[in-house]
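A quick write-up on the structure given underneath.
The values are calculated or read from the model by the stated rules, or taken from the named source; none is laboratory data. None of these values were measured; they are calculated from a predicted model. Virtual Cβ from ideal backbone geometry, glycine too; neighbours counted across all protein chains shown.
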Amino acid sequence: MNTKNEGVISEIERYAIKDGPGIRTVVFLKGCPLKCRWCANPETQKSIYQLMYWPNRCIACKQCILECPNNALSWGNPGIQICRADCASCGACTQICNSQALTMAGQHKTADEIMQIILKDLPYYQTSGGGVTFSGGEAASQGEFLCKLAKECKKHRISTCIETCGYAKWEIFCELLPYIDYFFYDLKIIDEKDHMTYTGVSNKLILDNFSRLIQAKADVTVRIPVIPGINNTQKNVEQTIRFLLEQAPGCPVSLLPYHRLGASKYDKLDMEYTLAELAPPSEKEMFQLKEQFVSFGFPVRIGE
Amino acid sequence: MYRTYQACGLSSKQLQRIKHLKEESINVNQEVCIERARYLTEGYKEHADEPAIKKRAYAFQNILKKISLFIEDGQLLAGNHAASLRAASIFPEYCVNWLFEEIDELPKRPGDRFLVPDCIREELLDIAEWWKGKTLEDRCQATLPLQAKEAYKMGVLSANGNMTSGDGHIMLDFEALLHKGAEGIIDDAKTHLNALDLSDPANHHKRIFYESVIIAYEGMIAYAERYAVLARQLARRESDAVRKSELLAIAANCEHVPRHPAKTFYEGVQSVWFAHLLSQIESNGHSMSFGRLDQYLYPYYKKDLAEGRCTQSSATEILACLWIKAFGVVKIRPWSHTRFSGGDPTYQNLTLGGITPEGEDAVNDLTMICLDSVSLTRLTQPNVSARFNEKNPKEYLHKCVEVIKLGFGMPAMHGDHVMIPSLMKRGVLEKDANNYAIVGCIEPIIPGKFGYRSAGMSFTNFAKVLEITLDGGTDARTRLTLLKQEKTLADMENMEEVRAAYDKQMSYVVKTRVIGEHCIDYAVEELVPDAFCSGLVKDCIARGKNAKEGGSVYDMVTGPETGITNAANSLAALQKIVFEERRLTPGELLTCLHNNFEGEKGENIRRMLVNRAPKFGNDDDYVDQISSDIYLSFMKEQNKYPTARIGRGPVGCLSYPCTATISGNVPQGVAVGASPDGRKAGEPLSEGCSPFHGTDTLGPTAVLNSISKMPNHLITGGNLLNIRLSPSVMSTEEGLVKVMNLIRTFFAMNGWHVQFNVTSTETLLDAKNNPDNYKDLVVRVAGYSALFNDLEEKTKDDIIARTEHDL
């Protein structure tokens, strides 16, 4: 398999302490086959560059409007308006904007460039048992590039971890297997139709890949984002437990309470956040859910 | 030796005592106390014919024999700094001019307010009148050359605290007092005195010195005896049987110590407190520090525990009482100095952990008890410093991080394996270097072997020096000239020219600083020599010299450098934006700075300087290298000049750098105009070596990496780093361990010091209401971290709620 030399990433976050063991660096790869309604990182969904506008940083100098070669920017209420149809994500406006009110989600980086950043915190990984976590978007959607990065990490004996929705060709996971130490694998909804409604795709591939990973003896932690009224229903909880009892009894489970912290990013991308009124689950609800999984022999953590 | 330690619960009665004492101390309305000033002046007048040191010893004794005594209800230790709780004593021998101007302002000033009772106002002014022209400040003003005075006016240097608030920054040889008692020290002085051949002219001063030591320590014994009498009187009148026995125990303690060697842990604490307190009554300076209390009191604790005289909880309780006592020492400073030391801090440092002089793990049960006791009191004093050494047990670092999590900013963590070699490189013996302790904020010294003012010398303002350089050598604010240059930035053609001009100015500033310090040092030596303190500093007695004239084993001094980060960021912006990318001409930038970024394009240019040039604290070699370079060239200059004690006995007599800026970054910023890093005129400078507020955007590892690239092993005076962490980072045991590992890695990479601000919900709420004050607050959002200010209001609320949940 030939290896891609460049990938598209949205961000590299250092000192991440809730994305796997120890102190980690998280590489957010852009592009995701799912469109979950609760997605907290909407800027990572598309694999192309996306312009974001931060009105509270803008000083209304309007230089960007003059600079845009496609006339995609105008002054309106509030602040800069982006005509998405005309915007070519060329970045001319972000180059002129000294205030960082216009920023580009997405940049091409070579594996070497990313490794340079990763290696800066090597001593912290070593003392804390940390390493690198590949996240997204869906990291596996840039399968070849991801493999290359994971192999590079292993050359430096850096621990690797992937946060995945599971929606990728099995061949990609198969190739990744020797180079990934921990899989954080999302199981959002078990019912196929519901899954399609809320994420936009069928979950057949996801469930198949999950079973295969377990059979391949990968170190898998199941992650369930707990979205009130959508997947914490009695039906979905029972189906999830039944699926896990069949496929991976005793597998560690992480329950991630829904939060609205990504909501404000939708405006910056001119996207619509359809769960605007939904409240996060209460501590009590989370605890009850945890108890349900625990009673079937699953070790459960909340929030990580 | 440390094995396993378990925190013990205190009884509700013990907790009640601590709570009560703490509340009484915090709720007191601070006022000015005249008694020290009154009895000191009386002593000076009565012994006007004596040499300075002996006159002061008599005056010191007079204070101790006459100052009003009291024992706080429920307190287990005796001895107070003033005649009422948390009142501030006046030190007229240091400066009085400010009193005439500020006496009626004291209750009204913006911070650090003090009441002046009507009944003392006239007497205080009379005392001040008598001192006019005789004070340390007066002497300094009379002897300082114009060159130094102008540098102070411009704000490139500041030495105000040294002239008005004294020297301090010393750590007594508490071990000697515990072993010998005050009588032992008097005996030592007498033995030396009797052995002097007075026909030898060199011995004249020695005789006066020994006689002064004897007078001072007789005063100490008399003071403790007065407390014994008071405690017995109070016990007689006390109806509560438990309190009666406590008062009798205080009386018994004060009858025995400090006169005799301590026999028990409780006596040891009382004896240490007396010595620590009296050093702060004798001399005006701050940062008198406890040193390694967990080392010198441990043998007493161990023996008492084995023999059933104390328990872990009673020791915790006594130490909590000691910390509340330390909190009771209050400093009043002229407003000019208060701005550099906001919140009337006294910097009484307590050092824990590390290794023994022989190089073994020094953590013991008392180390852990100290940490437990400070988490009970959570006061601003003592200022707790934890030494970190790979030999220390994991449980110790774990406990330190647990205390950090409580959010009062302590303990500050210090890395042994940078500090020890750094001290040795300066000429400190290995055994002594292993035994270092922190004085004041972050400055390592050798307990009982360093002289006064080992730290706290003049402030040097790097950002101001750069501003004057860019302006051609003249300060725009005062119109005074530092060193005349031919060109301003407008005519400079490349970075080399800028750097050469800057280095030249800095070289002149360092020399000026030294000239000023010599004047102040000699004034201190001549006017305010201290016999009491010198009795507990090695080798004063053996050498027959007080600490201020070269009696100490080592003489190494340091003063804070402020605004290094601003200077480095500014030079990086100049290099990148002006000379490399040519987005602005030098002249355009200079005009923009003079206009404080006002005018049509001003704010846009400011943001370009902020966002398009590298900033220190982001692990970017471009600017990190500049920061190291400018600090190294400063050090090269500093190395040229010895201290005033050179050739008079001590090892060293040298100065080294330090970034403990305390709150001086704020007033020093006031004097600095807009800078090329995008900082507006008058805004505070960066604190210590920390990144400038809000410019570190890549998280703590990037900050630590930037710091670790500095020449840390040469910053023997200490390199101060403040990091603010959200409490959610430490909400779980795993999070706690990750912070432990962050600290361990930082020290493994030659980090010097780090302290954490764990932000509370209250702070977040305040941050929401006053965003401008919290520009650097980073919070974890969702799979990423963000600047708190960048979040929308609802998200902020969400995070506030979540943080509370995490705690």
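Looking only at the range A:257-268, decide whether some residue is within 15 Å of A:Leu187 (Cα to Cα) and within 22 Å of the chain's Cα centre (by Cα). Explain how you work it out, then say what you get.
Filtering the range A:257-268 for residues within 15 Å of A:Leu187 (Cα to Cα) gives A:257-258.
Adding the requirement that they be within 22 Å of the chain's Cα centre (by Cα) leaves A:257-258.
Looking through the range A:257-268, at least one residue is within 15 Å of A:Leu187 (Cα to Cα) and within 22 Å of the chain's Cα centre (by Cα).
Among A:Lys35, A:Lys30, which is more than 10 Å from every other protein chain (Cβ to nearest Cβ), surrounded by 18 or more Cβ atoms within 10 Å (Cβ to Cβ), of a type in the set (D, E, K, R) and at negative phi?
Values: A:Lys35 fails: surrounded by 18 or more Cβ atoms within 10 Å (Cβ to Cβ).
Being more than 10 Å from every other protein chain (Cβ to nearest Cβ), surrounded by 18 or more Cβ atoms within 10 Å (Cβ to Cβ), of a type in the set (D, E, K, R) and at negative phi holds for just one of A:Lys35, A:Lys30, which is A:Lys30.
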> So which residues in the range A:285-304 are modelled with pLDDT under 90 and either crowded, with 18+ Cβ neighbours inside 10 Å or among the charged types (D, E, K, R) (or both), if there are any at all?
Replying inline: A:Glu304
> Checking B:Asp806 against (1) at pLDDT below 60; (2) facing chain A (nearest Cβ under 10 Å); (3) over 24 Å from A:Pro55 (Cβ atoms); (4) buried (at least 19 other Cβ atoms within 10 Å of the Cβ), which single condition isn't satisfied?
Replying inline: (4)
> Can you name the residue in the range A:130-178 that is closer than 17 Å to A:Ile117 by Cβ and aromatic (Phe, Trp, Tyr) and is also nearest to the other protein chains (Cβ to nearest Cβ) among such residues?
Replying inline: A:Phe134
>> Please determine whether any residue of the range B:560-574 is within 14 Å of another protein chain (Cβ to nearest Cβ) and either among the aliphatic types (A, V, I, L, M) or in a helix (DSSP H, G or I) (or both).
In response: yes
>> Restricting to the range A:267-284, and then to whatever is exposed (fewer than 15 other Cβ atoms within 10 Å of the Cβ) and not β-branched (Val, Ile, Thr), can you tell me which residue is farthest from the other protein chains (Cβ to nearest Cβ)?
In response: A:Glu272
>> When you scan the range B:717-729, do you find a residue that is facing chain A (nearest Cβ under 10 Å), β-branched (Val, Ile, Thr), under 22 Å from A:Gly22 (Cβ atoms) and crowded, with 22+ Cβ neighbours inside 10 Å, even just one?
In response: yes
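Looking at B:Ile420, B:Ile446, B:Ile442, which one is within 15 Å of B:Ala660 (Cβ to Cβ) and not small (Gly, Ala, Ser)? Explain how you work it out, then say what you get.
Details: B:Ile420 fails: within 15 Å of B:Ala660 (Cβ to Cβ); B:Ile446 fails: within 15 Å of B:Ala660 (Cβ to Cβ).
Of the residues listed, the single one that is within 15 Å of B:Ala660 (Cβ to Cβ) and not small (Gly, Ala, Ser) is B:Ile442.
For A:Leu244, state whether it is in contact with an Asp or Glu (Cβ under 8 Å, 6 or more places away or on another chain), of a type in the set (A, V, I, L, M, F, W, C) and in the same structural domain as A:Arg212 (by TED's automatic domain parsing).
Values: in contact with an Asp or Glu (Cβ under 8 Å, 6 or more places away or on another chain): no; of a type in the set (A, V, I, L, M, F, W, C): yes; in the same structural domain as A:Arg212 (by TED's automatic domain parsing): yes.
No, not satisfied.
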> Which numbered condition trips up B:Pro258, out of (1) outside any loop (DSSP other than H, G, I, E, B); (2) of a type outside the set (Ser, Thr, Tyr); (3) closer than 18 Å to B:Ile281 by Cβ?
Replying inline: (1)
>> Quick check on this structure: which one of A:Asp181, A:Asp186, A:Asp208 is of a type in the set (Asp, Glu) and crowded, with 20+ Cβ neighbours inside 10 Å?
In response: A:Asp186
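Here is a check on your reading of the model: is B:Ala216 at pLDDT 95 or above, among the aliphatic types (A, V, I, L, M) and more than 30 Å from B:Gln14 (Cβ to Cβ)?
Working: at pLDDT 95 or above: yes; among the aliphatic types (A, V, I, L, M): yes; more than 30 Å from B:Gln14 (Cβ to Cβ): yes.
Answer is yes for this residue.
Residue-wise test of (1) small (Gly, Ala, Ser); (2) over 30 Å from B:Val213 (Cα atoms); (3) in contact with a Gly (Cβ under 9 Å, 6 or more places away or on another chain).
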residue	(1), (2), (3)
B:Leu10	no, yes, no
B:Lys19	no, yes, no
B:Arg36	no, no, no
B:Ser68	yes, no, no
> All but one of (1) of a type in the set (Ser, Thr, Tyr); (2) crowded, with 24+ Cβ neighbours inside 10 Å; (3) out of contact with any Ser or Thr (no Cβ under 9 Å at 6 or more places or on another chain) hold for B:Ser245; which doesn't?
Replying inline: (2)
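Looking at B:Ser68, B:Ser84, B:Ser25, can you tell me which residue is in contact with a helix residue (DSSP H, G or I) (Cβ under 8 Å, 6 or more places away or on another chain) and either among the basic types (Lys, Arg) or part of a loop (DSSP other than H, G, I, E, B) (or both)? First the steps, then the outcome.
Values: B:Ser84 fails: in contact with a helix residue (DSSP H, G or I) (Cβ under 8 Å, 6 or more places away or on another chain); B:Ser25 fails: either among the basic types (Lys, Arg) or part of a loop (DSSP other than H, G, I, E, B) (or both).
After applying the criteria, what remains is B:Ser68.
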>> So, in the range B:1-45, how many residues would count as being without any contact (Cβ under 8 Å) to a residue 12 or more places away in the chain and either over 30 Å from B:Leu115 (Cα atoms) or of a type in the set (Gly, Ala, Ser) (or both)?
In response: 4
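So, of the residues in the range B:743-765 that are β-branched (Val, Ile, Thr) and not in a helix (DSSP H, G or I), which turns out to be surrounded by the most Cβ atoms within 10 Å (Cβ to Cβ)? Write out each step before concluding.
Kept after step one, since they are β-branched (Val, Ile, Thr), are these residues of the range B:743-765: B:743, B:745, B:754, B:758-759, B:761, B:763.
Checking which are not in a helix (DSSP H, G or I) leaves us with B:754, B:758-759.
Values: B:Val754: 26, B:Val758: 22, B:Thr759: 23.
That would be B:Val754.
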> Inside the range B:668-716, can you point out the residues that are of a type outside the set (A, V, I, L, M, F, W, C), in a helix (DSSP H, G or I), within 14 Å of chain A (Cβ to nearest Cβ) and farther than 16 Å from B:Leu571 by Cβ?
Replying inline: B:Pro700, B:Thr701, B:Asn705, B:Ser708
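Taking the range B:177-227 only, how many residues are small (Gly, Ala, Ser) and crowded, with 19+ Cβ neighbours inside 10 Å?
Pass one, the range B:177-227, residues small (Gly, Ala, Ser): B:181-182, B:184, B:189, B:195, B:199, B:202, B:212, B:216, B:219, B:222, B:224.
From what is left, the residues that are crowded, with 19+ Cβ neighbours inside 10 Å are B:181-182, B:189, B:212, B:216, B:219, B:224.
The total comes to 7.
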>> Among the residues of the range B:342-355, are any surrounded by fewer than 22 Cβ atoms within 10 Å (Cβ to Cβ), in a loop (DSSP other than H, G, I, E, B) and touching a Pro at 6+ places or on another chain (Cβ under 8 Å)?
In response: no
>> Against the condition on the phi > 0 side of the Ramachandran plot and either buried (at least 24 other Cβ atoms within 10 Å of the Cβ) or among the aliphatic types (A, V, I, L, M) (or both), how does B:Gly456 come out, does it pass?
In response: yes
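Hey, among B:Val257, B:Val269, which residue is closer than 19 Å to B:Cys310 by Cβ, touching a Leu at 6+ places or on another chain (Cβ under 6 Å) and touching a residue at least 24 places away in the same chain (Cβ under 8 Å)?
On the way: B:Val257 fails: touching a Leu at 6+ places or on another chain (Cβ under 6 Å).
One residue alone meets the criteria, B:Val269.
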> For the range A:208-304, which strands (runs of 3 or more DSSP E) that fit wholly inside it have 1 or more residues that are small (Gly, Ala, Ser)?
Replying inline: A:253-257
>> Out of the residues in the range B:602-611 meeting the condition of being more than 36 Å from the chain's Cα centre (by Cα) and under 13 Å from B:Arg583 (Cα atoms), tell me which one is farthest from the other protein chains (Cβ to nearest Cβ).
In response: B:Ile605
>> Consider the range B:730-758. How many of its residues are touching a Pro at 6+ places or on another chain (Cβ under 7 Å) and within 8 Å of another protein chain (Cβ to nearest Cβ)?
In response: 4
